[in-house]
Amino acid sequence: MSDLTKEELITTLQGMDVPNTVLLEDPSITLDTFILAIKKFRIQAPDDFYAFLADRMGLAFMERDILFANPRIGSILPYAVGEEVLIALLESKPTYLKIATANPLDEPLFKRLEEVFGKKIEKVVTPLDAILTITDTSYQGPHAYSALSELVDRQPEESAFRILVPWQKATIIIGTILVLFLIAINPYFWLFILFTIINITYFVMNPVKFYVSMQGMTGEKNVIHISDEDIQNLKDEDLPIYTVLVPLFHEQEMLPHILQNIANINYPRDKLDVKILMEEEDTETIEKARKLGLFGNVEEIISPMSEAEYHAFLSVFHPVVIPKADITTKPRACNYGLKRSRGEFVVIYDAEDFPDRDQLKKVVIAFQRLGPKYACVQCLLNFYNPRKNMLTRWFSIEYSYYYDFYIQGLDKIDAPIPLGGTSNHFRMKTLRELGAWDPYNVTEDADLGMRIARKNLHTAVLNSHTYEEAVTRVPSWIRQRSRWVKGFVITWFVTMRHPVKVLKDIGIKNFFIFQTGFGGNFYLPLMNLFLWLVFAAGFIIPEYFSSWFDFWPFAAIAVFNLLIGNLFFLTMMVFATWKEKQRDLLLYALFSPIYWLLMSIGAWKGTLQLIFKPYKWEKTSHGTEIVHEQLLIEHPERFSKPVKWIEVKSPEVDRGARKVTGSQIAFSIGITVLLILLALIIFGVIEYKPISDHFTVTKIPGLSQVMTPLEDYQSGRDVRLLNYEALPGPYSTSPPIINTEPVKTQEITSTDTIEPGRPARVLYTPGEPGLAVRYDPLVNRIIIVSEKRLPEGDFYVVTARSGGVEYSKNMDITPGTMVLDGGLNTTDIRVFRVLKTGGRIPVIDTAI
């Protein structure tokens, strides 16, 4: 071999019509690394070349079919050995090892092998793709099993393979049956209890979220800042190998986009280990990868470059096809890719991601500064298309608040951080020790963030953005949000299998924040829908819900949640928008409650899907607008055959400062004036009957009861905040419904009655014209009718007593009708007129 040269090998390849050999002329490529360069640049050398190489070196040549006859050969040595140094162990004898290799030129390698094993190495030459194929197929089964089951086998209590343990399942089933049974017995009282529990839980969660958000908004941030000077001081030779995992599933349109964006990252190409992860069943994406040349044969290129330049462009990308399994999830794909990775650090990028160019270098510096207790660095996320439509504007506003305030607040108080689904960077060694990602959790990032915290490790936040594509269609957005919420529910149940142990692992402060943070991420959107329905129903049938708020502390909690809670989060959305200098989005931030309704719908979809399809991965469509295909006709002579040019349009990050336009200012002023007028009408300052007859401050559920202590104080009455007698009891029934249309009083003469001993009766009072009490024996109902409108601020109080049970109701809408249950035998009715000044005048006192 002493006379074999690199030039001779290049000439041989050219004689075999192999294209792109110009790449092998690089002076840095030596004879020892010649075959590795062929592999790196995906140069399609035929089997005849390796047969020539064997003959030229005086070695035996093994046909690929003979090598494939024993598929177990590829798994005898570690995967990295076969894939990186291109050898497979054929035979081991006491005095020698027989090795198949595609790289017999690497003399230093074989000398090291002889030193390690203390045996002579007998080499047999075989084609490059044969070695790669036998290694890949031999490890498919073990890697596929490990990707799906390693966490289950090593740490079953931390895996969502079984979402609910027996005690959790029993608690949910028994609790659900009990609640339904109680509601069936007395829907009015037990719905009140359910409503109260939800409100109290909401009341506890909201202040914690307020605190975390304020920590993120004010004071010194914990975000790590890496300057341009820090990056310039880095030397490429000192940088570690960095693995980038790119999981794709039915995203063939986005493949050129992510390849281009990763290629633009400022990091030494020979130290990038990029794994393009594709599911075996996703034939469309695999076919697209094949056309783009990831498997060797180029039919399409991403930008107008020569064929040799394009092969150099592809050299950092390694396609990985994940075998079929019972479930198809992103974390399973990432686990599989992790088995074949060689970096010191690893990051996940989604297909539509557009990371900062210096992000990887910033992370390397950050890990150097942070030390080994930090397992993860989370970069900031936002969207490059926030102004596509109303939905993307709301989505971007939410992300601005979540990552600029909430996540940074968690980081500042050293609380567990629910990682984002992309741009979270890990130390490879630590990630593997943690068991990597849980393939059975559809929000694997949040789950991993919690497991990091439980191991007393930390997550840092870095001043580097990755921009994603905001979902532009509501159905796709609902699917995405339902998956997120489903994952948060799964994470909460898995973590809470042993609550006492979790408390010991993370401490009482972080345990409490976990309940309100992770738990709140699904609890609050779920309960919002119920609370809003009660709020809306309170305007339609206020009498039904009024007594739920008669106990002042409950009314105060409900009003706090309704007004203060929503107003705070609305303010945070506005502040986050202002901080990002997106002035033109301020108006949209004010209408965030509409977006919150969509969040609730997505949350309910995800929670219900948890029952029937817990591991279903709701795929989100991305990026069809930023990739355009056209035929390359400008420089066809630069290619050995016709190819198609894929023009990648790098997304324009729409994040610069934006001023409010004149039309937006005018629209904002108009909306503000309308809201002020509506408030004045509701509070009775301005009378506008179409609204004030139906929506008044006294009809807002709970608001009138909250104001009662103030009214009592102003009227000189005793102020009672703990009015326990107002609490509904277990035997309470729904109050009567007031009909705003008065019913004309008339005698009832029917003889077919429910209570034969209690005839129909009508009672008028001379001192209160227009007020009458009627008894209807047909239905055993007492009807109080007011046929005239009382002065503003006056109302009636009706007290009924029958069978030892007494209750009082307000009749504050006149003219109107109140219907009461007739009771048994005799019912005492007393009616008082309450004046605006607080005076109380008895007008009716009778027995029916």
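Quick note: the coordinates plus some simple rules give every number you see, no bench work behind them. What you see is a predicted model; the values in this text were computed from it and never measured. A quick note on method: Cβ atoms are made from the backbone with ideal geometry, for glycine too, and the neighbour counts reach across all protein chains shown.
Consider a paramagnetic label point 7 Å from the Cα of Asp153 along Cα→Cβ; state which residues of the stretch 336-368 have an amide N under 17 Å from it. From the stretch 336-368, the list is 336-340. Computed extension gain for Ala69 through Thr11, at 0.36 nm per residue and net of the alpha carbon distance, reaches 17.6 nm.
Here the simple spin-label model places points 7 Å from the Cα toward Cβ, and for Phe203 and Glu91 these points are separated by 8.3 nm. Taken about its Cα centre, the chain carries a charge dipole of roughly 2480 debye when the Cβ of each Lys and Arg holds +1 and the Cβ of each Asp and Glu holds -1.
Counting alpha carbon pairs within less than 8 Å and at least 6 residues apart, what relative contact order, in whole percent, applies to the chain? Please list the in-between numbers first.
Values: 1421 pairs, mean separation 97.7, N = 848.
Relative contact order here is 12 percent.
Taking the chain as the reference, fit the longest principal axis to its C-alpha atoms, fit the long axis of helix 703-715 to the helix C-alpha atoms, and give the angle between the two in degrees, 0 to 90, nearest 10. Long axis of 703-715 versus the principal axis of the chain: about 50 degrees.
Determine, for each peptide in 108-118, 123-133, 94-104, the mean count of other beta carbons within 10 angstrom over its residues, then list the peptides with the highest first. Don't skip to the answer; put the middle values down first.
On the way: 108-118: 12.5, 123-133: 21.1, 94-104: 18.7.
In decreasing order of mean packing, 108-118, 123-133, 94-104 become 123-133, 94-104, 108-118.
Scoring 390-397, 22-29 by mean Cβ neighbours within 10 Å over their residues and listing the highest first yields 390-397, 22-29.
Which percent, nearest 5, of DSSP beta bridges in the chain are antiparallel?
Bridges in the chain are about 60 percent antiparallel.
Provide the packing ranking of 479-489, 316-326, 434-444, i.e. peptides ordered by the mean count of other C-beta atoms within 10 Å per residue, highest first. If you can, show how the numbers build up before the last one.
Values: 479-489: 24.3, 316-326: 17.9, 434-444: 25.8.
Packing proxy ranking, top to bottom: 434-444, 479-489, 316-326.
How high is the relative contact order of the stretch 279-403, given as a whole-number percent (alpha carbon pairs under 8 Å, six or more residues apart)? Answer for the stretch 279-403 is 15 percent. Note on Glu711, Glu618: ascending count of other Cβ atoms within 10 Å places them as Glu711, Glu618, the fewest first. For the stretch 302-320, the residues whose backbone nitrogen is under 16 Å from a point 7 Å from the Cα of Val22, taken along Cα to Cβ, are 304-314. One chain, two ends: Leu570 and Lys373. Fully extended at 0.36 nm per residue, the span grows by 67.3 nm beyond their Cα-Cα distance.
Remark: the Cα gyration tensor places the stretch 199-612 in the prolate category, a/c being 1.5 or greater and a/b exceeding b/c. For Asp845 and Phe512, the difference between the fully extended length at 0.36 nm per residue and the C-alpha to C-alpha distance is 114.4 nm. Think of it as helices only: each DSSP H run of n ≥ 4 in the chain is worth -39500 (n - 2.57), and spread over all residues that comes to -13500 deg cm²/dmol at 222 nm. Taking a ≥ b ≥ c as the square roots of the eigenvalues of the Cα gyration tensor of the stretch 245-378, is the shape rounded (a/c under 1.5), prolate (a/b larger than b/c) or oblate? Oblate, because a/c is 1.5 or more while a/b does not exceed b/c. Check cross-link reach from Lys373 to the aspartates and glutamates: straight Cα distance under 17 Å, and skip same-chain residues fewer than eight apart. Within the straight-line limit of under 17 Å, Lys373 reaches these aspartates and glutamates: Glu344, Asp411, Asp414, Glu433, Asp505. Label sites at Leu563 and Ile174, each approximated as a point 7 angstrom past Cα along Cα to Cβ, lie 4.2 nm apart.
Provide, in order from the shortest bin, the percent of all Cα-Cα pairs of the chain in each 20 Å bin, continuing until the bin that contains the maximum pair distance. P(r) over the chain, rounded to whole percents: 12, 36, 27, 15, 8, 3, 0. Measuring nothing but alpha carbons in the stretch 61-198 and taking Rh as the Kirkwood radius, the Rg to Rh ratio lands at 1.48.
Note on Glu280 and Asn723: their simple-model spin labels are 7.0 nm apart, each label 7 Å out from Cα toward Cβ.
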